[in-house]
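Colleague: This is the structure I have questions about; it appears just below.
The values are calculated or read from the model by the stated rules, or taken from the named source; none is laboratory data. Predicted model only: the values in this text are computed from it and were never measured. The accessibility values were calculated without ligands, DNA or RNA, using every heavy atom of the protein model including side chains. Shrake-Rupley method; radii C 1.70, N 1.55, O 1.52, S 1.80 Å.
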Amino acid sequence: LQEGVDPGVRGQLMQEGKEQALDDIETLFETTYLESNYEEADWNTVTGYREAAETAVESATEVDQLSTIISQMKTNIDAVPTAAERLAAYIQPLIADLEKKYYHEVQNPYSVQKSGYKYDLDQYLIQADRLGVMHELKVGFLAELEVYKTTLLDAKENGITAIENAKTKAEANTAKEEAIAAMAKVVEDAKAHTVNNGVADKWDGTTKAQP
């Protein structure tokens, strides 16, 4: 406050300024900073900044200090991750792991190590393709197995979508596990289909002679 202002007026203006600042803080917590938007630990951090700001307002000696106090409080709170931001960060490793379960390559100096459900399914296609050229099952059977590749990809993509649409970490975890289970089922179905069509009897890729 400016020098020369009547002390009584200065005191009144200071009190009014403090009341307005506290009202402004209250409004922010009614409209912007909502408990439902934060995880518990982060909400405790947010309310800690509020309490510190309210204490600073009560202790302020100049009206000009009040806006600075509120501005600093807002800066501090805005740096606290919301639940949505936490979830967005949480799901990225889940999606990466799902992609890895689908297909993964590790480049070694002299080889490439491959794994994942897509790789497993490809092995059934390779086994089927190694059937004799004149084998009556080959062309149709290969086409049938190709359908499984599409189904497998769909299972992975649907899983990613479900993870991205999850509202909680628990939902994201469930979406990932369901997608992995769906991919595993596709491969198991393809394996059963292979056996049922006689490919395993012709060659299982390891123990039997290739036709």
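Colleague: Using just the Cα positions, wrap segment 54-188 in a convex hull and report its mean projected area in square nanometres, one decimal place.
Modeller: Working: hull surface 55.4 nm².
Result: a mean projected hull area of 13.8 nm².
Colleague: Now for a separate question. Can you work out ³J(HN,Hα) from phi for every residue in segment 23-30, in order, using Karplus 6.51 cos²θ - 1.76 cosθ + 1.60 and θ = phi - 60°, giving whole Hz and x for Gly and Pro?
Modeller: 5, 5, 5, 4, 4, 4, 7, 9
Colleague: Moving to a separate point now. Below 8 Å, C-alpha to C-alpha, sequence gap of six or more: please give me the relative contact order for segment 1-73 in percent. All intermediate terms of the calculation are to be shown ahead of the outcome.
Modeller: On the way: 33 pairs, mean separation 34.7, N = 73.
Contact order relative to length: 48 percent.
Colleague: Taking amide H atoms as placed 1.01 Å from N in the peptide plane, list the residues 5 or more away in sequence, or in a different chain, whose amide H sits under 5 Å from that of E39.
Modeller: A83
Colleague: Further question: Compute the accessible area per residue over segment 24-125, keeping the other protein chains in place, probe 1.4 Å, unit Å². All intermediate terms of the calculation are to be shown ahead of the outcome.
Modeller: Numbers: 6170 Å² over 102 residues.
Computed with neighbouring chains in place, this is 61 Å² per residue.
Colleague: Give me a comma-separated list of calculated 3J(HN,Hα) values for segment 109-119, in order, Karplus coefficients 6.51, -1.76, 1.60 applied at θ = phi - 60°, integers in Hz, x for any Gly or Pro.
Modeller: Karplus values, whole Hz, x for Gly and Pro: x, 10, 7, 10, 8, 10, 7, x, 5, 5, 4.
Colleague: Which percent of the accessible area of segment 48-118 is formed by carbon and sulfur heavy atoms (probe 1.4 angstrom)? Before the final figure, lay out each step's value.
Modeller: Details: 2300 of 4450 Å².
Of all accessible area on segment 48-118, carbon and sulfur atoms account for 52 percent.
Colleague: If I take all pairs of Cα atoms in segment 9-55, what percentage of them are more than 11 Å from each other? Write out the running numbers ahead of the final one.
Modeller: Numbers: 758 of 1081 pairs.
Taking all Cα-Cα pairs of segment 9-55, the fraction more than 11 Å apart is 70 percent.
Colleague: Okay, moving on. Order D42, D120, most accessible first, counting only protein heavy atoms with a 1.4 angstrom probe.
Modeller: Numbers: D42 15, D120 65 Å².
Order by accessible area, largest first: D120, D42.
Colleague: First check a/c for segment 1-122, with a ≥ b ≥ c the square roots of the eigenvalues of its C-alpha gyration tensor; if it is under 1.5, answer rounded, and if not, answer prolate when a/b is larger than b/c or oblate otherwise.
Modeller: Numbers: a/c = 6.73, a/b = 3.99, b/c = 1.69.
It is prolate, given that a/c is not under 1.5 and a/b is the larger ratio.
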